[in-house]
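The values are calculated or read from the model by the stated rules, or taken from the named source; none is laboratory data. The structure presented is a predicted model; accordingly, all values stated were derived computationally and were not measured. Here Cβ is always computed from backbone atoms with ideal geometry, including for glycine, and neighbour counts include all displayed protein chains.
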Amino acid sequence: MELIKQIEVNIDYILMLVKKYYDSNCEDKEILVTIRKAVNASPHLRSKKELIENFIASVSDGEQIVSEWHDFVAQQREKDLAVIIEEENLKEEETRKFLENCFQDGEIKTIGTDIDKILPPISRFGGKRAMKKQAVIEKLRQFFEKYFGIGGPTSFAKPS
């Protein structure tokens, strides 16, 4: 049996293509098609597609692609986290600490009391707490998938 080797596309390859696109003065549209195909082909990058497309549209300096990417991801991560905290009325400090631990561990842990510590006070009767908990877990999973493994160092300390 013959083994088929699949080359996994990573964010470094995408950033190299973005640099190449800006080096062509944004005229080589074929590079954008290549980027889209690469992102769609990579299970790891699919959840980051919107983030990557927004970054490409926002690049101002084709020479500083990597540092602009790290700054862009940090800003977007903070903005998205603030939205989740506000929409779900989560405890901010506990949520930031929870996510810091999740990113260090490489997974969202849903077993135990860590999720319960970030939830707002809700009656345990009538199933509302379980529904709220599941909605929060789903949003945090999407957030995790979108930002895990990209954008340099991850810190969830509240910005000053």
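What to note about this one:
- Flag for Glu78 being within 19 Å of the chain's Cα centre (by Cα), at pLDDT 90 or above and surrounded by fewer than 17 Cβ atoms within 10 Å (Cβ to Cβ): yes
- Hey, Leu119 surrounded by 16 or more Cβ atoms within 10 Å (Cβ to Cβ), more than 27 Å from Phe72 (Cβ to Cβ), aliphatic (A, V, I, L, M) and assigned by TED's automatic domain parsing to the domain that holds Glu88 or not: yes
- Residues that are assigned to a helix (DSSP H, G or I) and either among the acidic types (Asp, Glu) or in contact with a Gly (Cβ under 7 Å, 6 or more places away or on another chain) (or both) within the range 100-129 comprise Glu100, Asp105, Asp114, Asp116, listed in sequence order.
- When each of Ser58, Ser47, Ser24 is tested for being closer than 17 Å to Glu145 by Cβ, outside the structural domain of Pro120 (by TED's automatic domain parsing) and either over 19 Å from the mean Cα position of the chain (by Cα) or of a type outside the set (Lys, Arg) (or both), the lone residue that passes is Ser47.
- Out of Ile111, Ile52, sole residue that is surrounded by 14 or more Cβ atoms within 10 Å (Cβ to Cβ) and of a type outside the set (Gly, Ala, Ser): Ile52
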